[in-house]
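Step one of this worksheet: look at the structure below.
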Amino acid sequence: MNAGTLMAAATLDFVPIIEAELAAVRHFVALLGLEQEMLITGEVGTLIALVGEKNGLASELTALAARRNESLAAAGLTLDRAGMAAWFAAHPKEIHARAIWSSLLSLASQARELNRSNGELIQIRMQHNALALETLLGTSTSLSLYGPDGQSTPPSGRCITDSA
């Protein structure tokens, strides 16, 4: 095979990989958005199923990225943005692939932000649940509703009075 045939073969293999990656990232972003809605509204009943689907999709994305990296490595390119830039430089007519890659980078950034935001929402929900549980069990060291004498005590130990 000559260099031109090799490049054409690399293009045929590479473009479907990044197309599949883009479709998977779109689906992943949609799942992250749904997860965020569930966390905000408190509809956590189906969250476990969603997390399972999200984890399966994350595995698929990892496999697709590995295939993309294998394709880059087979072309003698680095497995990073510089390698992608070199691939596009070697395939200047692949405008469709460049648009896919640009969309993929944008969606990956959106997914990172949604994932970060969802992590914060989970932390807030966990803190709220822990506080509620401590209150119900009466085990909170930071919040006491009743003192040993059965009288209510303020959380800070100080009381606001109107006798100033």
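The values are calculated or read from the model by the stated rules, or taken from the named source; none is laboratory data. Note that this is a predicted model, so its numbers are computed, not measured. Neighbour counts are summed over all protein chains in view; Cβ atoms, including those assigned to glycine, are modelled from backbone coordinates with ideal geometry.
Values computed for the structure shown
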read-out	value
Qualifying positions in region 94-114 - surrounded by fewer than 14 Cβ atoms within 10 Å (Cβ to Cβ) and acidic (Asp, Glu)	Glu113
Condition met for Leu79 (surrounded by 12 or more Cβ atoms within 10 Å (Cβ to Cβ) and either touching a residue at least 12 places away in the same chain (Cβ under 8 Å) or among the β-branched types (Val, Ile, Thr) (or both))	no
Residue list for region 10-57, restricted to those being surrounded by fewer than 15 Cβ atoms within 10 Å (Cβ to Cβ), among the aliphatic types (A, V, I, L, M) and modelled with pLDDT of 95 or more	Ala23, Ala30
Criterion violated by Ser117 - all others in (1) surrounded by fewer than 13 Cβ atoms within 10 Å (Cβ to Cβ); (2) farther than 20 Å from Ala23 by Cβ; (3) of a type in the set (S, T, N, Q) satisfied	(1)
